[in-house]
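The values are calculated or read from the model by the stated rules, or taken from the named source; none is laboratory data. Since we're looking at a predicted model, the values are computed, not measured. Counting neighbours? That spans all protein chains shown, and the Cβs are built from the backbone with ideal geometry, glycine included.
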Amino acid sequence: MITLPTVLIDREDLSLMERAIIPLIARHTQQWGDKPSDVDASTLAQVLRHSPREVIEALDSLVKKNILKTLRRKTEQGVMIYYTFVPIATLSASNVALTATQYSDSNYYLNLSNETYSQMHAFALELCDREGLRRELFDDFNLYQRSQNRRSFDWCAEFERWVRREISSNAPVLASTQELAEAKPTMEEFEMAQYFIRHLASIDPQFEVPENVQSWAKQIKVLLDTEGYTLLDVKAVIDWLFSAKGDWFRPNVPDAYHLRKHFKRLISNTRSFRDSKPRLPEGVNIFDIIGRE
């Protein structure tokens, strides 16, 4: 049988790891009928199945909070540090002082209030839906931050950084300069480059047809192979550029390089004005909007 003083159970300045360590230290040092003994960090790490570094950090924190004390003992492996509880009288007195001077830092992840956690959870789910990511991404973030118990002044911003890392890790890897130089465009990519050149020549009498059409075709190849677009996407962007809708942006795209550079912006405009008509979101009726105005 093990008895723990209430001053340990009622304390609010303990992390999850520290709360897990306290009963284990009692289990290994407070044997019924025996004098109090001590225990080393490696034994606790094996029982908890955590890295010795995490366990030692929690033990040192408990020493600073005057819950544990250290004992140095010479062994065959050298001088070892052991841990044991401070006397109950000292522990009770220190707890009274702590209630007046110490506080729980709400910026640590494990100290988040239920309200703050709920707000962050709702924000995370909305962000995942907006970016088209799986909602389980928040569970991964939650487990990681609980294990690390890091400190932050804006946990919503921390989750946004987590999302950006997830997006970048899933993004297609851009081909190297050497790989692009060695890769030969397909006939379809070559014809799409010529299609773009013909449009440029049709509106500019002084346009000089490039001698190396293959270099233009390689820019089309990058759009398809590394950025995930299709030939239909490229054709739609070219048609939009040379229509009345895209006339304002056409001077910014004098060649295939600038077509690839601005493609993300161009495709978004193309999809917004497909068939020369503005597209409304699903479930929105134009007559409802007119009626509200």
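The table that follows gives values for the structure above.
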{"read-out": "Positions within the range 133-170 being outside any helix (DSSP H, G or I) and either small (Gly, Ala, Ser) or closer than 27 Å to GLU227 by Cα (or both), in sequence order", "value": "LEU133, ARG134, ARG135, GLU136, SER152"}
{"read-out": "In the range 32-56, the residues that are touching a residue at least 40 places away in the same chain (Cβ under 8 Å) and surrounded by 15 or more Cβ atoms within 10 Å (Cβ to Cβ)", "value": "ASP38, VAL39, ASP40, ALA41"}
{"read-out": "Residue count for the range 80-132, restricted to those that are part of a loop (DSSP other than H, G, I, E, B), at pLDDT 80 or above and within 17 Å of ILE67 (Cα to Cα)", "value": "1"}
{"read-out": "Filtered residue count, the range 228-245, keeping only those that are of a type outside the set (Val, Ile, Thr) and within 15 Å of LYS264 (Cβ to Cβ)", "value": "6"}
{"read-out": "Residue list for the range 225-248, filter: small (Gly, Ala, Ser) and either in contact with an Asp or Glu (Cβ under 8 Å, 6 or more places away or on another chain) or not in a loop (DSSP other than H, G, I, E, B) (or both)", "value": "ALA236"}
{"read-out": "Count of residues meeting criterion [more than 15 Å from the chain's Cα centre (by Cα) and among the hydrophobic types (A, V, I, L, M, F, W, C)] in the range 113-169", "value": "2"}
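Each row is one residue, and each column tells you yes or no for (1) modelled with pLDDT under 60; (2) touching a Lys or Arg at 6+ places or on another chain (Cβ under 8 Å); (3) within 22 Å of TYR195 (Cβ to Cβ).
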{"residue": "SER272", "(1), (2), (3)": "no, yes, no"}
{"residue": "SER276", "(1), (2), (3)": "yes, yes, yes"}
{"residue": "GLU282", "(1), (2), (3)": "yes, no, no"}
{"residue": "ASP288", "(1), (2), (3)": "yes, no, no"}
